[in-house]
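See structure below.
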Amino acid sequence: MKMPERYMFPAVFGYEPDEEISVSFPDLDVATSGKNERDALLSARALLGITLFGLEQDGEDIPEPSPMSEISTGEREKTVLVDVYMPSIRMANRTRSVSRTVTLPAWLNAKAAECGFNFSQVLQEALISKLNGASSAAEQ
């Protein structure tokens with residue numbers, strides 16, 4: 001099933017004197033805040049993206065966004081439609097680093113450390129080389 005490229009959900013921005021602007025998504029039961037409107041909107045967009053990405057990854061249903069006209073707000077609140085472009089969120093989470101434990105002979109570890117090798121970089125380069133070789137062999 002093709003996942004949507006863009007989602008739009010209503011958020012409630014709350015304004016209290018001498019406090020950060022609060023932002024909540026009533027349909028998703030998540031909240032964040034920001035120092036000013038720009039910061040609050042950026043924070044809301046990031047939260048919306050990671051929340052929806054998590055739901056996608058877990059195979060959970062993504063709720064239908066409520067119409068903005070149905071969102072009730074208080075005296076110091078306003079409703080804002082927040083959108084998020086999911087391909088960039090998905091890509092960022094595909095390229096994130098993960099930690100792996102590897103086992104090496106003691107002599108190899110000592111020699112590599114003595115030479116100042118970056119173990120993560122060397123392993124990444126070796127894996128990319130092996131994967132490129134494997135895909136080339138598979139194409140033949």
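The values are calculated or read from the model by the stated rules, or taken from the named source; none is laboratory data. Since we're looking at a predicted model, the values are computed, not measured. Positions of Cβ are generated from backbone atoms using ideal geometry, with glycine treated the same way; all protein chains shown enter the neighbour counts. These area figures cover heavy atoms from the full protein model, side chains too; ligands, DNA and RNA do not enter into them. Shrake-Rupley method; radii C 1.70, N 1.55, O 1.52, S 1.80 Å.
Contact map, segment 6-19: residues that are touching a residue at least 40 places away in the same chain (Cβ under 8 Å) and assigned to a loop (DSSP other than H, G, I, E, B) paired with residues that are open to solvent by 100 Å² or more (accessible area, probe 1.4 Å) and of a type outside the set (S, T, N, Q), Cβ distance under 7 Å, separation 6+ or inter-chain. Pairs shown: Tyr15/Arg76; Glu16/Arg76. Residue-level check: of (1) open to solvent by 50 Å² or more (accessible area, probe 1.4 Å); (2) touching a residue at least 60 places away in the same chain (Cβ under 8 Å); (3) within 16 Å of the chain's Cα centre (by Cα), Ala46 misses just (2).
Scanning segment 123-140 for any residue that is farther than 14 Å from Phe9 by Cβ, assigned to a helix (DSSP H, G or I) and β-branched (Val, Ile, Thr) turns up at least one such residue. Of all the criteria given as (1) open to solvent by 80 Å² or more (accessible area, probe 1.4 Å); (2) in contact (Cβ under 8 Å) with a residue 24 or more places away in the chain, the one not satisfied by Met86 is (1). Going through (1) part of a helix (DSSP H, G or I); (2) among the hydrophobic types (A, V, I, L, M, F, W, C); (3) without any contact (Cβ under 8 Å) to a residue 40 or more places away in the chain one by one, Phe53 falls short only on (3). Taking (1) open to solvent by 90 Å² or more (accessible area, probe 1.4 Å); (2) over 15 Å from Arg76 (Cβ atoms); (3) at pLDDT below 95 in turn, Pro4 satisfies each apart from (1). Quick one: is Gly59 exposed (fewer than 10 other Cβ atoms within 10 Å of the Cβ), on the phi > 0 side of the Ramachandran plot and not β-branched (Val, Ile, Thr)? Yes. Take Thr32 and tell me if it is within 25 Å of the chain's Cα centre (by Cα) and not acidic (Asp, Glu). Yes; evaluated as a whole, the condition is true for this residue.
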